[in-house]
Amino acid sequence: MRINRHLRRIVLIAALLDFSSNVKAIPPECDPDYILLQDEESCFKDLLKINISQADSQQPECRGFWDHLNCWPHADVGETVSQPCPRFLHNTGRVYRNCTEHGWTEPFPPHEIACEYAFETLTFPFEAPTSHGYFLYVQVMYSVGYAISTASLTIATATLCLFRRLHCTRNYVHIQLFLSFILRATFIFIRDAVLFSSDDHFHCDSYPVSCKIATTFSNYCIMANYSWLLAEGHYLYSLVSVSLFSQKRHLRWYIVLGWGSPMVIIVAWSLAKYTQENEGCWERRGHEGIWWILRVPVLLFIVVNLLFFLSIIRILVAKLRTQEMHRNELNQYRRLAKSTLLLVSLFGLHYVLFAFLPHKVSEIWNFIELAFASTQGFVVAVLYCFLNGEVQYEVQRRWRRWRLKQHLPGEARRQHGSMSQSVGAHTQVSFLTRGPSTRHSSLV
C-alpha cells in the first residue's frame, strides 16, 4: 500500500527523533524507531495468526497490513476500522480507514490532526501549542526577578557578616531568611535547567533521577523560605509582646524549626510521591492528596504569620497611644512599627491573596503571583539591610575610616619631607653660626 503524503511526514519526524536519540543517547524504550519496529513485529505476528485461523474461510476484501505507523486488521467492504496514534507521539487520538470495493481508503483525519502533533515545533505534552509563548515570557520574567533578588540578598548577607558591630540575634535571623531566599532562587534555576534543558524526556516516559532530585530540593527550599518567614514573624512578635525575651535561646529553636521542619515535610512528600505517583519529574499534581502534604503546611505558615501581624499591629497601636512613655521608647516603637508594617505585610498579606486560590487560575494571576515571589527577596534585602539605619551608619563609618587611611599616608609623607627640610636648614644655620668661633678658638 502506498504511503500518502501525511504518512511520509510522520515517518520523517520519526527519523528525526531517531537521529536525535542516537546523538543524545535516549534509552531504547524511548527510541521512536525501536517502538515502531516492535509494533511492526507485533502486527505481523497477529496477522499471521489470523491468516492461519481463517485459512479455510473466505478471504476478506481488505487484507490487513502494516503501513509503517499502524497495524490494520482484515476488514469487509463497508467496515470502518480505527487505530490509535503511534505510541511515540504519546497522544490518545485515533485514525480511521474505510474498507471499500477498491480496497482501503486513505487514513482520516490526517495524523497531524488526529494526533494533535505539531510538525513545525516540538511542544511539551502538558503545554498547549498556543501557551508555549506565554510560559516562555513567564519563565524569563521570574528568572530575571530571582536573579536580581539573589544578587541583592548576597550583598546583604555579606554586609551583615563582614561588619562585627552588626552581629546580633536579630541580624542572625535576618541572615537565615536571606539564605532561604538565595537557596530558593538557586534551586529554581537548577530545576528549570534540568527540566527544560532538553526536550527528549518529554517525548517518552523515561525521566532521569536528577530531575526528581532537583524538584525535591526546590520544594524543600520553598518550604524553608516559608518557615523562616514565620520565624521572622514570631521574632518580631516576641520583641513587641514579651518583656523578657531570651534571643539566643530562641535562635537555636529558630534554626532547628526553620531548617528541620521543612525536611520532615519533604521526606513525607517524597515517600508519598515514590509510592503513589512516581511519574515524570514529580512536578505534576495528578494526586491531590499528595499535593496537600505540601499545601497544608504552607497555608498554616501563612495563617499564623497573619495572626502575628495583626497582634503586632494591635500591641504597637496600644503602646503608641500611651502618653506616659518616654520619648526614646516612643521613637523606638515607631521605628519598629514602620519596619513591621513594611515587612510583615510584605510576606503575609500578599500571600493570603494567592494562598487559597486553586492552582488552575487565570494566566494573569499566575503572572502576578510569580512576579511577587521572584522579587520578594530583593524587597526584603532593601528593607532589612540597605535601608536599615544601623547598616547605613556602619557602612558610612567604615567608608570614612578607609578614606582617612588613604588620606593619612600622603599627609605623613608631606610632613616628613617638611621636617627633614627644616632640620637640614637648621643644621646649615648652626654650622654657619658656629664656624667663625671655631676657627677663632683654634687660632687662639
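The numbers here are math on the coordinates, done by the rules we state, and not lab data. These figures come from a predicted structure and were not determined experimentally. Here Cβ is always computed from backbone atoms with ideal geometry, including for glycine, and neighbour counts include all displayed protein chains.
Observations
- Overall, segment 39-115 carries a charge dipole of about 220 debye about its Cα centre when +1 sits on the Cβ of Lys and Arg and -1 on the Cβ of Asp and Glu, all other atoms neutral.
- Karplus-derived 3J(HN,Hα), 6.51/-1.76/1.60, for each residue of segment 290-307, Hz, glycine and proline x: 5, 5, 6, 4, 8, 6, 4, x, 4, 4, 5, 4, 5, 5, 5, 5, 5, 5
- Label-point separation in nm, Ser82 to Glu101, each point 7 Å along Cα→Cβ: 2.8 nm
- Tensor-based shape of segment 39-115 (alpha-carbon gyration tensor, a/c under 1.5 rounded, otherwise prolate or oblate): oblate
- Segment Leu299-His167, length gained on full extension (0.36 nm per residue, minus Cα span): 44.3 nm
- Taking amide H atoms as placed 1.01 Å from N in the peptide plane, the amide H of Glu79 lies under 5 Å from those of Cys99, each 5 or more residues away in sequence or on another chain.
- Label-to-label distance for Ile113 and Arg398 is 6.9 nm, based on points extended 7 Å past Cα in the beta-carbon direction.
- Listed values for segment 167-182 are Karplus-derived 3J(HN,Hα) couplings in whole Hz (6.51 cos²θ - 1.76 cosθ + 1.60, θ = phi - 60°), namely 7, 7, 4, 4, 6, 5, 5, 4, 4, 4, 5, 4, 4, 5, 5, 5, and x replaces Gly and Pro.
- Part-to-part distance (alpha-carbon centres) for segment 146-183 and segment 37-109, which is given in Å: 67 Å
- Val95 long-range amide H proximity, modeled H, under 5 Å: Gln83, Cys85
- The slack in the chain from Ile148 to Ala268, taken as 0.36 nm per residue of separation less the alpha-carbon distance, amounts to 39.9 nm.
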